[in-house]
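The values are calculated or read from the model by the stated rules, or taken from the named source; none is laboratory data. Bear in mind that the values here come from a model prediction, so they are computed numbers and not experimental data. Because the Cβ atoms are built from the backbone with ideal geometry, glycine has one as well, and the counts that use them run over all protein chains shown.
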């Protein structure tokens with residue numbers, strides 16, 4: 001180097017990524033460079049510090065810019081840094097820095113890289129080192145992109161969860177609390193409602209505890225590819241990357257595309273007149289995608305509905321699907337009638353708002369509130385932003401708390417799960433004895449309107465899996481919504497609701513294959529309580545027999561003419577030790593109305609009183 005006096009400007013920098021790495025902290029850099037200047041006899045003019053700033057091209061570095069100004073003004077003639085990458089990692093930037101140093105007759109001294117820019121060899125070494133440094137940063141960027149792409153393909157979406165989704169273990173999954181609210185936006189828009197109309201509906205209903213739904217919010221949801229299972233990374237850049245089928249979709253690709261096409265129409269003057277029963281419910285038997293809907297109107301005015309997968313080129317008639325699942329939907333309708341007429345206060349809160357899930361949601365909201373409070377304390381939020389965010393969370397907490405209160409109040413009502421079993425059996429008996437009156441008091445699937453049918457399916461069915469049959473596509477599995485299924489399954493396991501099962505039983509000496517209403521084991525005192533309550537209104541009998549597990553044949557006493565099985569159930573629990581057979585009970589009634597013991601109106605509008613234990617004992621003795 002030249003013999004002229006070296007006036008050093010010590011430049012130290014640390015980025016967010018390497019703040020914690022040993023030897024790169026600002027105090028450590030300053031300590032080592034001061035020692036070097038003292039050793040070499042440099043006069044230190046100033047310490048220039050850039051904290052939390054990367055050395056990438058284009059980054060604004062105030063301290064480094066100040067150092068350059070001081071070099072221009074001849075206050076400093078030597079830049080002292082720990083390593084070259086503290087100064088820059090770009091060959092382009094390095095060429096500009098070298099040119100700047102030459103023009104201002106200044107130098108660079110790197111403690112760890114042994115760079116001396118006063119001669120050609122030193123400048124060549126500096127260029128080589130910078131090239132290696134830039135190559136490393138580019139390779140790191142490539143590895144990051146590859147890792148990010150792999151994460152996205154696994155469902156790890158690096159964005160805030162959109163409405164209807166939430167993150168679980170970094171994966172984006174449907175949020176059971178809000179997913180149906182997001183799906184409803186697509187359905188409302190598909191039916192012809194404008195963005196503003198949907199926003200007005202959601203504001204009026206205060207959906208998700210909000211009163212500030214806007215048309216722009218609705219549009220943002222409708223345009224987001226995530227709802228059809230896809231994700232676009234870098235959407236606002238010149239080179240976005242499209243990832244297909246990376247998360248579980250909430251709507252079919254066909255419905256999403258239909259909504260995009262419809263945006264080009266005048267949706268205020270557009271209204272659909274078709275109601276699809278299984279919209280968003282059917283899965284393609286080949287690729288598993290949600291099927292889109294299509295309909296054709298004939299000259300006679302009849303509308304025929306189809307569901308299609310454009311990817312696999314298949315088309316399925318709606319009538320074929322409805323016919324296959326009608327018996328299940330009729331059971332759900334019966335359950336819905338029972339729940340809505342007698343037990344809605346008891347079960348609605350449990351079905352729509354599981355207690356455990358509500359409690360977890362309150363905890364999450366409180367945690368979120370604490371994070372916002374901390375961010376405000378750390379000056380990451382303004383006071384106005386803090387108050388606004390806190391108000392939104394407080395409103396959400398109040399809504400969840402009110403649902404939790406409804407749940408707790410419902411559990412204290414007088415209706416019991418025993419009453420569900422009783423009412424379902426009464427409905428079955430009424431259907432046998434008084435079919436015309438029964439359908440006057442209760443809904444029948446076949447006479448329901450399309451809108452009502454679609455509403456029942458939307459509320460209770462999660463999806464329907466299909467498979468290829470001999471000539472048509474057949475239903476492989478009907479999956480009920482988890483909230484309904486878990487409640488129904490729990491009541492079934494406890495013996496309080498029934499399911500239909502195929503059985504072979506002995507009817508007047510003839511083996512008959514049929515479906516019977518079957519419920520799980522109940523203790524004998526529960527069975528007798530149930531039987532005697534039914535007996536307050538009807539003539540009913542209890543038969544005992546044996547079910548052979550391997551053949552599913554039910555060996556029961558011959559029924560009398562006109563007797564109909566109401567239900568069968570085990571009289572022993574599963575742990576009775578017998579692997580081949582189980583003792584069974586069967587409640588029966590006759591298919592005539594003349595043995596009804598009360599006013600006809602009462603069998604539809606009332607429940608028999610629950611008997612006290614001594615009343616049950618006295619009736620058993622008679």
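See the values below:
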{"quantity": "Hey, residue 610 in contact with a helix residue (DSSP H, G or I) (Cβ under 8 Å, 6 or more places away or on another chain) and modelled with pLDDT under 80 or not", "calculated": "yes"}
{"quantity": "Residue among 386, 428 that alone is touching a strand residue (DSSP E or B) at 6+ places or on another chain (Cβ under 7 Å), part of a helix (DSSP H, G or I) and modelled with pLDDT of 75 or more", "calculated": "428"}
{"quantity": "Test: residue 323 is at pLDDT 80 or above, assigned by TED's automatic domain parsing to the domain that holds residue 478 and not in a strand (DSSP E or B)", "calculated": "yes"}
{"quantity": "Qualifying residue in region 295-317 (condition: at pLDDT below 85, assigned to a loop (DSSP other than H, G, I, E, B) and in contact with a strand residue (DSSP E or B) (Cβ under 6 Å, 6 or more places away or on another chain))", "calculated": "no"}
{"quantity": "Conditions (1) at pLDDT below 80; (2) surrounded by 15 or more Cβ atoms within 10 Å (Cβ to Cβ); number of the one not met by residue 570", "calculated": "(1)"}
{"quantity": "Matching entry among 472, 456, 447 (being modelled with pLDDT under 80 and either at positive phi or exposed (fewer than 14 other Cβ atoms within 10 Å of the Cβ) (or both))", "calculated": "447"}
{"quantity": "Residues within region 174-205 that are outside any helix (DSSP H, G or I) and touching a residue at least 60 places away in the same chain (Cβ under 8 Å), tallied", "calculated": "7"}
{"quantity": "Hits in region 527-567 (condition: over 19 Å from residue 516 (Cα atoms) and modelled with pLDDT of 90 or more)", "calculated": "532, 533, 535, 536, 537, 538, 539"}
{"quantity": "Those residues of region 525-549 which are in contact with a strand residue (DSSP E or B) (Cβ under 9 Å, 6 or more places away or on another chain) and either more than 15 Å from residue 587 (Cβ to Cβ) or in a strand (DSSP E or B) (or both), in sequence order", "calculated": "540, 541, 542, 543, 544, 545, 546, 547, 548, 549"}
{"quantity": "In region 102-112, residue farthest from the chain's Cα centre (by Cα) [restricted to those that are touching a residue at least 24 places away in the same chain (Cβ under 8 Å) and closer than 15 Å to residue 69 by Cα]", "calculated": "105"}
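Residues are listed down the side, and each one gets a yes or a no for (1) surrounded by fewer than 22 Cβ atoms within 10 Å (Cβ to Cβ); (2) at pLDDT below 90:
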residue	(1), (2)
53	yes, yes
60	yes, yes
73	yes, no
78	no, no
86	no, yes
90	yes, yes
93	yes, yes
98	yes, yes
